[in-house]
């Protein structure tokens, strides 16, 4: 089945130790998003790729980086995780052109714990 | 700026009664308004969406209304059932500086259906 896959589902890291979260999709969507969702809060957009164009939200900390090596894969790198970065990280995809905006499909998320 | 307000933050209704959740948005250019349902520990899932060229859309027990002049939209769930208990997020589309669009989410409503 076509879907959005995130690995790992649970990630534990130490304070300051770099961590990479991955997302892959079989939907052949041209847009991929990374959201941070803390407990009882709304998903907060960190950045997204429209094809190869990287779009960073103004309030996304420099500690967060992203890579999209090809259409199917997108990575979230947290260079020096702090305790405040513990959250659920959601990847989403959509097929978009400038004439219409379409549904975002979410992956199951990666729950990050920082010790 | 991009702002979506959602009310109420919590809502309890008797099984069989109706539930209404309301959202307002800031940008008159927004043209896509999805509603997502998120169960505990799971990904957000689209339940209904509406585009700015229509005022109302219905799918079985779920309906969404949009008032573009007032910049608000609402989710209506009729004949509520225990499985409707979840957190519901509204969202509105906003244009990026690159010309494509992204979503900003409301703060969420925790809906509890009382058997």
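If residue B:75 satisfies all but one of (1) in contact (Cβ under 8 Å) with a residue 60 or more places away in the chain; (2) more than 10 Å from chain A (Cβ to nearest Cβ); (3) within 14 Å of the chain's Cα centre (by Cα), what's the number of the condition it fails?
In the conditions (1) in contact (Cβ under 8 Å) with a residue 60 or more places away in the chain; (2) more than 10 Å from chain A (Cβ to nearest Cβ); (3) within 14 Å of the chain's Cα centre (by Cα), residue B:75 misses (1) alone.
Taking segment A:17-31 on its own, how many of its residues are farther than 18 Å from residue A:109 by Cβ and modelled with pLDDT of 95 or more?
Going through segment A:17-31 one residue at a time, the tally reaches 2.
Tell me the residue from B:69, B:65, B:24, B:10 that is exposed (fewer than 12 other Cβ atoms within 10 Å of the Cβ) and at pLDDT 95 or above, please.
B:10 is the lone residue from the list that is exposed (fewer than 12 other Cβ atoms within 10 Å of the Cβ) and at pLDDT 95 or above.
What is the residue count in segment B:88-97 for residues that are farther than 16 Å from residue A:46 by Cβ and within 7 Å of another protein chain (Cβ to nearest Cβ)?
Qualifying residue count, segment B:88-97: 2.
Filter the strands (runs of 3 or more DSSP E) completely within segment A:24-115 down to those with at least 3 residues that are facing another protein chain (nearest Cβ under 10 Å) and without any contact (Cβ under 8 Å) to a residue 40 or more places away in the chain. Even if it seems obvious, please write down each step before you answer.
Values: elements: A:31-37, A:44-50, A:53-56, A:64-67, A:73-78, A:87-94, A:110-114.
The strands (runs of 3 or more DSSP E) meeting that bar are A:44-50, A:53-56.
Mind telling me which of the residues B:59, B:49 ends up being crowded, with 16+ Cβ neighbours inside 10 Å and within 14 Å of chain A (Cβ to nearest Cβ)?
When all the criteria are applied, what remains is B:49.
Out of curiosity, is residue B:54 surrounded by fewer than 18 Cβ atoms within 10 Å (Cβ to Cβ), under 18 Å from residue B:105 (Cα atoms) and more than 11 Å from chain A (Cβ to nearest Cβ)?
For residue B:54, the condition - surrounded by fewer than 18 Cβ atoms within 10 Å (Cβ to Cβ), under 18 Å from residue B:105 (Cα atoms) and more than 11 Å from chain A (Cβ to nearest Cβ) - is not met.
The values are calculated or read from the model by the stated rules, or taken from the named source; none is laboratory data. Given the structure is predicted, the values throughout are model-derived calculations rather than measurements. Cβ coordinates were reconstructed from backbone atoms using ideal geometry, including for glycine residues, and neighbour counts include every protein chain displayed.
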